[in-house]
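The values are calculated or read from the model by the stated rules, or taken from the named source; none is laboratory data. These figures come from a predicted structure and were not determined experimentally. Cβ coordinates were reconstructed from backbone atoms using ideal geometry, including for glycine residues, and neighbour counts include every protein chain displayed. These accessible areas exclude ligands, DNA and RNA; they are computed on the full protein's heavy atoms, side chains included. Shrake-Rupley method; radii C 1.70, N 1.55, O 1.52, S 1.80 Å.
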Amino acid sequence: MSLNILFLNGPNLNLLGQREQSQYGSITYEELKKKCEEKCRDLNIKIDFIQSNVEGEIVSIIQSANEKFDGIIINAAAFTHTSVAIRDALEIYKKKKIEVHISNIYKREEFRQKSLISDVVNGGIFGLGSEGYILAIIAMHKLLKNENK
Ligand code: DQA
């Protein structure tokens, strides 16, 4: 049986390629989505790769993920630093969770150095560019495979 994962992207990540290339590189959102979908195909994982600029929408998506998805990978983007609601929704979701950031949030402005979600996820990847997305998929695959042993 193939695994199902949800890859959730927060605000402004749809503008990858246009926004601060020194932090996020030149890859576009569509290119990144394709790269992740290809990796998942190789690993026999079904992926829903979603982006939203709306906090409440992200909360609702996480709430409804329980039935359909074996794990969530999330780049909550700016909501990482502000959203108790997304944190609470993730805490309620009891399956595997990985946090990812393209940039190294701990080397940036002070307000980015606090993640409200790090302590409610299994683990995180930050500062490795768009490659971090692929590494998060590999890590999720391993977590889920070990779980089903
Ligand atoms: C980000 C880091 C956040 O601070 C920022 O608001 C983003 C992207 C990252 O992937 O590095 O939008 O989550």
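Data table
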| item | result |
| --- | --- |
| Solvent-accessible ranking of THR28, THR82, largest area first, probe 1.4 Å | THR82, THR28 |
| Alpha-carbon centroid distance for the pair segment 90-149 / segment 16-63, whole angstrom | 13 Å |
| Residue-by-residue Karplus 3J(HN,Hα) for segment 11-25, coefficients 6.51, -1.76, 1.60, Hz, glycine and proline x | x, 6, 6, 5, 9, 3, x, 9, 8, 2, 5, 5, 9, 10, x |
| Largest to smallest accessible area among VAL59, VAL84 [probe 1.4 Å] | VAL84, VAL59 |
| Surface accessible to a 1.4 Å probe, HIS101 within the full protein complex, Å² | 10 Å² |
| From phi via Karplus (6.51, -1.76, 1.60), per-residue ³J(HN,Hα) for segment 132-141 in Hz, x at Gly/Pro | x, 5, 5, 5, 5, 5, 4, 5, 5, 4 |
| Proximal aspartates and glutamates to LYS97, defined as alpha-carbon separation beneath 14 angstrom and excluding residues fewer than eight positions away on the same chain | ASP70, ASP88, ASP119, GLU147 |
| ³J(HN,Hα), Karplus 6.51/-1.76/1.60, whole Hz, each residue of segment 81-89, x for Gly, Pro | 8, 10, 9, 5, 5, 5, 4, 5, 4 |
| Rough spin-label spacing in nm, given labels placed 7 Å along Cα→Cβ, for SER2 and ARG41 | 1.0 nm |
| Area accessible to solvent at GLU38, 1.4 Å probe radius, in Å² | 80 Å² |
| Candidate aspartates and glutamates - alpha carbon under 15 Å from LYS35, same-chain residues fewer than 8 apart omitted | ASP48, GLU131 |
| FRET efficiency, VAL54 to ARG19 (Cβ-Cβ, R0 22 Å, nearest 0.05) | 0.75 |
| Solvent accessible area, Å² - ILE134, 1.4 Å probe, full protein context | 20 Å² |
| Theoretical ellipticity at 222 nm over the chain - DSSP helices of four or more residues, -39500 (n - 2.57) apiece, nearest 500 | -12000 deg cm²/dmol |
| Computed E for LYS34/TYR106 - FRET, C-beta separation, R0 25 angstrom, nearest 0.05 | 0.30 |
| Largest to smallest principal axis extent of the C-alpha atoms in segment 3-147, angstrom | 36, 32, 24 |
